[in-house]
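Trainee: What follows is a single structure, and I will ask about it in a moment.
Each reported figure results from applying straightforward, stated rules to the coordinates on display, with no laboratory input. Bear in mind the structure is a predicted one, so any value in this text is a computation, not a measurement. Cβ placement follows ideal geometry from the backbone for every residue including glycine, while neighbour counts extend to all protein chains displayed.
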Amino acid sequence: MAIPLDPTTTYRTVVLGIAGNPAVRRLLTVNGRRLALRFVAGETLADALRVADRLHEEGVFSTLNLLGEMVTAEELARRFKDQILELVDAVADRPWARYVSVKLTALGVDIGEEFAFRQLGEILGRARLRGCFIRIDMEDSAHVDVTLRLYRRLRAEGYDQVGIVLQSYLRRSEQDLESLLPLRPNIRVVKGAYKESPKVAFPSKRQVDENYLKLARRNLGAGNYTAIATHDEGIIAHLKAWTAQAGIGRELFEFQMLYGVRPDLLRALAREGYTARAYVPYGHDWYGYFARRIAERPENLLFVLRGIVRSALRPARV
Ligand code: FAD
């Protein structure tokens, strides 16, 4: 029997499907660079550091992310790892940005699990020297098992300054959290941004939101550090009230948002005395990230379409 999807899920599925079309990708890559700057700090490390420094002046911390995903050539994956090492070195003298988010498919997990483990080990070794925290982002559901396995291996090797992400749209996440709890995991809870089948992901926003609260409260209640990563004002208000009532100190959690999505809300949380952190992506490979932001909100699609029409109507310059 087909499982009915709600409008939010349907919109995301359709947009991510269209964004995967090579012609659409070409159109957006050529016309979308300027528009992507709403969500991406720029193409260079210097751009990202400039944004992190500016956010710091407003009381907001950063986690920097070198954009990249689905790398299938060893040489490219190695070059990507070298750039992450450079990033870890670059944030060493910026305590407000000593926090790097990485994607395993960019580090070559599809080339081989051992290869990715070695790459991660190098990054975590450097991060330990530099006092930097590494967050392993969670990607599509096909990569969840390998991500959890590598996380467990890293923890078994004694790396503690590493965290993982759980997605509340996945039916399995509650079970995954239970099995991770003995490790006292540092978890970022998100709703989930990929195109997933209703067999693996809850089809309705209500279920995703309920599961979000369940995961966040469970990890916090177990005394583990939790990054509450959402722009959902209802969830934020609920967890502010719940943590205060449960006597959970503010040193045990932080709020995180994507750069360019709700800067006003993030600044307000910082002013209220919470740790507030922006996820600041940079780099040339911005297409997949940008497509996911468009897929989160119909208004973003209109913003992109308006931008494309405007640049098409602009008189050509010679
Ligand atoms: P929603 O219910 O989608 O949105 C709530 C409100 O936020 C909306 O009504 C709107 O006002 C605003 N909003 C949300 N998205 C946008 C947008 N793009 N543009 C403008 N306004 C918007 N996903 C993963 O799958 N893996 C990860 O590792 C991952 N890491 C993340 C790290 C951080 C710091 C954050 C904040 C998100 C991350 N995500 C990740 C993305 C996440 O899964 C969601 O897709 C995204 O956060 C939108 O969901 P939401 O929680 O804001 O709730």
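Trainee: Say a paramagnetic label sat at a point 7 Å from the Cα of Glu75, along Cα to Cβ; which residues of the stretch 105-127 have their backbone N under 15 Å from it?
Mentor: Flagged as within label range: none.
Trainee: Along the charge dipole of the chain, which of Phe202, Tyr151, Ile308 sits closest to the positive end, that is, farthest toward it, with unit charges on the beta carbon of Lys, Arg, Asp and Glu (+1, +1, -1, -1)?
Mentor: Farthest towards the positive pole: Ile308.
Trainee: Next question. If packing is taken as the mean number of other Cβ atoms within 10 Å per residue, what is the order of 39-48, 186-195, highest first?
Mentor: On the way: 39-48: 19.3, 186-195: 22.4.
Per-residue Cβ counts within 10 Å, averaged per peptide and sorted highest first, yield 186-195, 39-48.
Trainee: Indicate the gyration tensor shape class of the stretch 175-265 (rounded, prolate or oblate), computed on the Cα atoms with a ≥ b ≥ c the square roots of the eigenvalues: a/c under 1.5 is rounded; otherwise a/b larger than b/c is prolate and the rest oblate. Intermediate results must be reported in sequence, preceding the final value.
Mentor: Working: a/c = 1.69, a/b = 1.13, b/c = 1.49.
Oblate shape, in that a/c is at least 1.5 and b/c is the bigger or equal ratio.
Trainee: On to the next question. Would you mind classifying the chain by shape? Square roots of the alpha carbon gyration tensor eigenvalues, ordered a ≥ b ≥ c; an a/c under 1.5 is rounded, otherwise it is prolate if a/b is larger than b/c and oblate if not. Show your work: numbers first, answer last.
Mentor: Values: a/c = 1.29, a/b = 1.17, b/c = 1.11.
Judged from the Cα gyration tensor, the chain comes out rounded (a/c under 1.5).
Trainee: Taking the Cα centre of the stretch 174-318 as origin and charging only Cβ (+1 Lys, Arg; -1 Asp, Glu), how large is the dipole, in debye to the nearest 20?
Mentor: Numbers: 23 positive and 15 negative charges, 113 e Å.
With only Lys, Arg, Asp and Glu charged at Cβ, the dipole is about 540 debye.
Trainee: Let me ask something else about it. For Leu302 and Glu114, what is the calculated FRET efficiency with R₀ set at 41 Å and r taken between the beta-carbons, to the nearest 0.05?
Mentor: Values: r = 45 Å, r/R0 = 1.10.
Once the sixth-power term is evaluated, E becomes 0.35.
Trainee: Pull up the cross-link candidates among the aspartates and glutamates for Lys81, meaning alpha carbon to alpha carbon under 13 Å and not fewer than 8 places away within one chain.
Mentor: Reachable aspartates and glutamates: Glu69, Asp89, Glu122.
Trainee: Calculate the spin-label point distance for Asp93 paired with Glu58, positioning each point 7 Å from the Cα along the beta-carbon direction, and give it in nanometres.
Mentor: Roughly 2.6 nm, to one decimal.
Trainee: Once R0 is set to 45 Å, what does the formula 1/(1 + (r/R0)^6) return for the Cβ-Cβ distance between Asp160 and Arg310, expressed as a FRET efficiency to the nearest 0.05?
Mentor: On the way: r = 49 Å, r/R0 = 1.09.
Here the calculated transfer efficiency is 0.35.
Trainee: Which is farthest toward the positive dipole end of the chain among Leu220, Asn31, Asn21, measuring Cα position about the Cα centre, with Cβ charges +1 (Lys, Arg) and -1 (Asp, Glu)?
Mentor: The Cα lying farthest towards the positive end belongs to Asn31.
Trainee: Another one. So which GluC sites (Glu not before Pro) in the stretch 171-273 are both in a DSSP loop and have at most 13 other Cβ atoms within 10 Å of their Cβ? Don't skip to the end; give the middle numbers.
Mentor: Values: sites: Glu174, Glu178, Glu196, Glu210, Glu233, Glu251, Glu254, Glu272; in loops: Glu196, Glu272.
Loop-located and lightly packed - Glu272.
Trainee: Please give the length that would be gained between Glu251 and Asp140 if that part of the chain were fully extended, namely 0.36 nm times their separation in residues minus their C-alpha to C-alpha distance (nm, one decimal). Working shown, then result.
Mentor: Details: separation 111, 0.36 × 111 = 39.96 nm, distance 3.03 nm.
In short, 36.9 nm is gained.
Trainee: Roughly what would the spin-label model give for Gln175 and Glu86, points 7 Å off Cα along C-beta, in nm?
Mentor: Those two pseudo-labels are separated by 4.3 nm.
Trainee: Just tell me which lysines come within less than 23 Å, Cα to Cα, of Lys205; anything on the same chain fewer than 8 places away is out.
Mentor: Correct list for Lys205: Lys191, Lys195, Lys214, Lys240.
Trainee: Would you kindly state how much longer the chain becomes between Ala244 and Asp264 on full extension, computed as 0.36 nm times their sequence separation minus their alpha carbon distance, in nm to one decimal? Walk me through the numbers before you get to the answer.
Mentor: On the way: separation 20, 0.36 × 20 = 7.20 nm, distance 2.25 nm.
The span from Ala244 to Asp264 would gain 4.9 nm if fully extended.
Trainee: Would you kindly state how much longer the chain becomes between Val24 and Glu122 on full extension, computed as 0.36 nm times their sequence separation minus their alpha carbon distance, in nm to one decimal? Could you put the intermediate results ahead of the total?
Mentor: Numbers: separation 98, 0.36 × 98 = 35.28 nm, distance 3.67 nm.
So the extension gain works out to 31.6 nm.
Trainee: Given the -39500 (n - 2.57) contribution per DSSP H run of 4+ residues, what per-residue ellipticity at 222 nm results for the chain, rounded to the nearest 500 deg cm²/dmol? All intermediate terms of the calculation are to be shown ahead of the outcome.
Mentor: Working: 13 runs with 163 residues, N = 318.
Counting only the DSSP helices, I get -16000 deg cm²/dmol.
Trainee: So for the pair Ala222, Arg34, with labels modelled 7 Å out along Cα→Cβ, what separation do we get in nm?
Mentor: Here the answer is 4.9 nm between the modelled labels.
Trainee: A further question on this structure: Assign unit charges at the C-beta atoms only (+1 for Lys and Arg, -1 for Asp and Glu), then state the dipole size of the chain relative to its Cα centre in Debye, rounded to the nearest 20.
Mentor: On the way: 48 positive and 38 negative charges, 146 e Å.
So the magnitude is around 700 debye.
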